1. Pull up segment 202-221, narrow it to residues that are closer than 23 Å to HIS383 by Cα and surrounded by 24 or more Cβ atoms within 10 Å (Cβ to Cβ), then point me to the one that is nearest to the ligand (Cβ to nearest atom).
2. Exactly one condition in (1) within 16 Å of the ligand (Cβ to nearest atom); (2) over 25 Å from PHE219 (Cβ atoms); (3) among the small types (Gly, Ala, Ser) is false for SER123; which is it?
3. For segment 90-104, name all the residues that are in contact with a strand residue (DSSP E or B) (Cβ under 7 Å, 6 or more places away or on another chain) and of a type in the set (A, V, I, L, M).
4. Is segment 148-166 home to any residue that is within 13 Å of the ligand (Cβ to nearest atom) and crowded, with 24+ Cβ neighbours inside 10 Å?
5. Considering SER37, SER76, SER102, SER51, which residue is within 16 Å of the ligand (Cβ to nearest atom), out of contact with any His (no Cβ under 8 Å at 6 or more places or on another chain) and not aromatic (Phe, Trp, Tyr)?
6. Filter segment 266-278 down to the residues that are in a helix (DSSP H, G or I) and in contact with a His (Cβ under 9 Å, 6 or more places away or on another chain) and list them by number.
7. Being under 25 Å from ALA180 (Cα atoms) and free of Cβ contacts under 8 Å to residues at least 60 places away in the same chain: is that true of SER261 here?
8. Are there helices (runs of 4 or more DSSP H) fully within segment 298-416 with at least 1 residues that are at pLDDT below 95 and charged (D, E, K, R)? List them.
Amino acid sequence: MLNPTKVKNDFPIFRRKIDGKEIIYLDNAATTQKPKSVIDAIKDYYENFNSNVHRGIYKLSEEATDMYEKARKNVSDFIGGNDQNGLVFVRNATEALNLLASSIGQSLKRDDEVLLTLMEHHSNIVPWQFLMGKGVKIKYADLKEDGTLNMEDFTSKITQHTKVVSVTHVSNVLGTINDAKELARISHEKEATFILDGAQSVPHMPVDVKDIDCDYVAFSGHKMLGPMGIGGLYGKPDLLSKLPPYMGGGEMINTVTTEGSTWADIPLKFEAGTPNVADAIGLSAAVDYLKNIGMKEVRKHESEMILYAFQEEKYMENLKSFGPRSLHLRGGVYSFNIGDIPSFNIQRELEANSIRISRASMHPHDVASEIDKEGIAIRSGHHCAMPLMARLDVQATARASFYIYNSKEEIDKLFIGLQNATARFGH
Ligand SMILES: Cc1ncc(COP(=O)(O)O)c(C=O)c1O
């Protein structure tokens, strides 16, 4: 069984105290902390192996290439990839989704449709919106009141014009776990390409791209104990091979003449320029760390954390939390507000009619900065999901997001902190 206190010992940052208080880090949906093994792997690469990969015919370069390609295989295996050549190293999920929108977008025409959902992160909205200029239509599947995806609405919005369906596996605000396998099946029935944004699932639960049958999945290393600046795009190799390249330059070519160029095979076709070798090796060390714990254990621990938060929240008057309550539909993300935080539109309307917003409400930024005084890091704001905020009719939320080093005691401290904060605000 996962012991968060023991896990915490592997993370050097938790030795630090801020204003004499231990760090309680509950902003894991934004980025996670790094275990010593990941930091050491990066240091070891720079101290002992640093050289450019793929091109050098000398020992150091051969070793670095070997380590880089072994990292690719390890990360690809972690998500059930059949073929390590389907794993393209990118900077993060955002870059993976931009790559897909740009490369797939080249073959999209006026009136072709891309289907997203209202719970997407901006990085799975804005790259597709770039295609609106050429007449591509973007549709958004709605949510149900419980924060799950409205499957009837989703199905009704797929038409014979839908070329791409791109959906988050787990919402970074609601914690909703979408039924990726079913969404892939429906999309494929309509011959649409199915893309999974795995930024909040790959770090937190077993994800098997073969079982889901997604065409592409995007994820970020820094959200799964790895370094910033490295992430993955996994694609079915036959699809990736047919996709035009995203960036041009060294590494991604086969031949270049003054007349034109031909492309390298995948994955290098999508890795123009010198790659981020050290961080790929760091990500591979993060994968080893997670494999050692076991992704089922990670998922189980986060379910326990969220269940505990549901139990504790009952003692907070005036707290409203968002997202599904059934644990099998819920990841370890806990968004909430103290009192009503109406959307700007509703707030303007209330003010115009001289209707006071409940005195007992506290803006999420105030919640986060009050909680910070207790050494607890949570996030507040729109969480890069403004269309979702509009759908929920809120300006913003506060969000605690859990990972393997968080404990029930920390959740106790969060709720005690919230009680103190609301008291300080005179509620
Ligand atoms: C669901 C989801 N998708 C994509 C992203 C983008 O991740 P990154 O900023 O690492 O590219 C995030 C980041 O929070 C996310 O939560």
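The values are calculated or read from the model by the stated rules, or taken from the named source; none is laboratory data. Nothing here was measured: the structure is a model prediction, and the numbers come from that model. Every residue, glycine among them, receives a Cβ derived from its backbone with ideal geometry; neighbour counts consider all protein chains shown.
1. SER220
2. (2)
3. Listed by number, the residues that qualify are VAL90, ALA93, ALA96, LEU97, LEU99, LEU100, ILE104.
4. Restricting attention to segment 148-166, the residues satisfying the condition of being within 13 Å of the ligand (Cβ to nearest atom) are 166.
Keeping just the survivors that are crowded, with 24+ Cβ neighbours inside 10 Å gives 166.
Checking segment 148-166: at least one residue is within 13 Å of the ligand (Cβ to nearest atom) and crowded, with 24+ Cβ neighbours inside 10 Å.
5. SER102
6. We begin by selecting, within segment 266-278, every residue in a helix (DSSP H, G or I); these are 268-270, 277-278.
Within segment 266-278, just LEU268 meets the criteria.
7. no
8. Where helices (runs of 4 or more DSSP H) fall fully within segment 298-416 and carry at least 1 residues being at pLDDT below 95 and charged (D, E, K, R), they are 344-352, 364-372.
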